[in-house]
Amino acid sequence: MRSIIERWAMEAWLHLGYGEKDVFSMDYVDVLLGYWRSYHYQMAMSGMPSLPNSRIIPYGAEAMNQISRDVFASMGVNAEPETFFEASAPEFDEKHRKSADKLINDMTLFWRSLGMSFPRKQLDSLYS
């Protein structure tokens, strides 16, 4: 494994009853999409996005810097956030893009069924 996200992805699949050999034989992007699905289901089921003081912060330097400024201001701190290093969006082939789009659509509907708003627009802006 090359990253903590890959470890979390493995743990998500193991939790679902798959063996490591099964996961290693899967398509890499499908493994990550499965982790992404599991993570966002868990987040929704916890009710955390509905809590009054919770915020969902989309990935990206602009969003991370803004939330840092907001937190600093709320604490009366006059400081600028450190540089947030942002990876460029990966290129996906058509098969993976369709799988991801379906997953995002499903997640949007699932969150809506729980009375929550999934950050679809922010995701779309990252990959459009």
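No value in this document is a laboratory result; all are computed from the given coordinates. None of the values given here were measured: they were computed from a predicted structure. Positions of Cβ are generated from backbone atoms using ideal geometry, with glycine treated the same way; all protein chains shown enter the neighbour counts.
As a footprinting exposure proxy, order R120, R2 by other Cβ within 10 Å, with the fewest listed first.
Numbers: R120 14, R2 6.
Going from least to most buried by this count: R2, R120.
A P(r) calculated from all alpha carbon pairs of the chain, with 10 Å bins opening at zero, reads 10, 33, 37, 17, 3, 0 percent.
Would you please report the Å³ per residue occupied by the convex hull of the alpha carbon atoms in the range 55-118?
Values: hull volume 5.0 nm³, N = 64.
Cα convex hull per residue, to the nearest whole number: 79 Å³.
Listed by chain and number, the aspartates and glutamates placed with their C-alpha closer than 19 angstrom to that of K98 are D27, D30, D106, D124; residues fewer than eight positions away on the same chain are left out.
Order these by the 10 Å Cβ neighbour count, fewest first: E11, E80. Show your work: numbers first, answer last.
Values: E11 13, E80 9.
So the ranking, lowest neighbour count to highest, is E80, E11.
Measuring between their Cα centroids, the range 1-49 and the range 82-113 lie 14 Å from each other. Applying 0.36 nm per residue to the separation of A61 and K21 and subtracting their alpha-carbon distance, the gain on full extension is 10.8 nm. Each residue in V29, V77, V23, V71 was given a count of other beta-carbon atoms within 10 angstrom of its own, and listing them fewest first yields V77, V71, V29, V23.
Per residue, the average separation of C-alpha pairs within less than 8 Å and at least 6 apart gives the chain a relative contact order of 22 percent.
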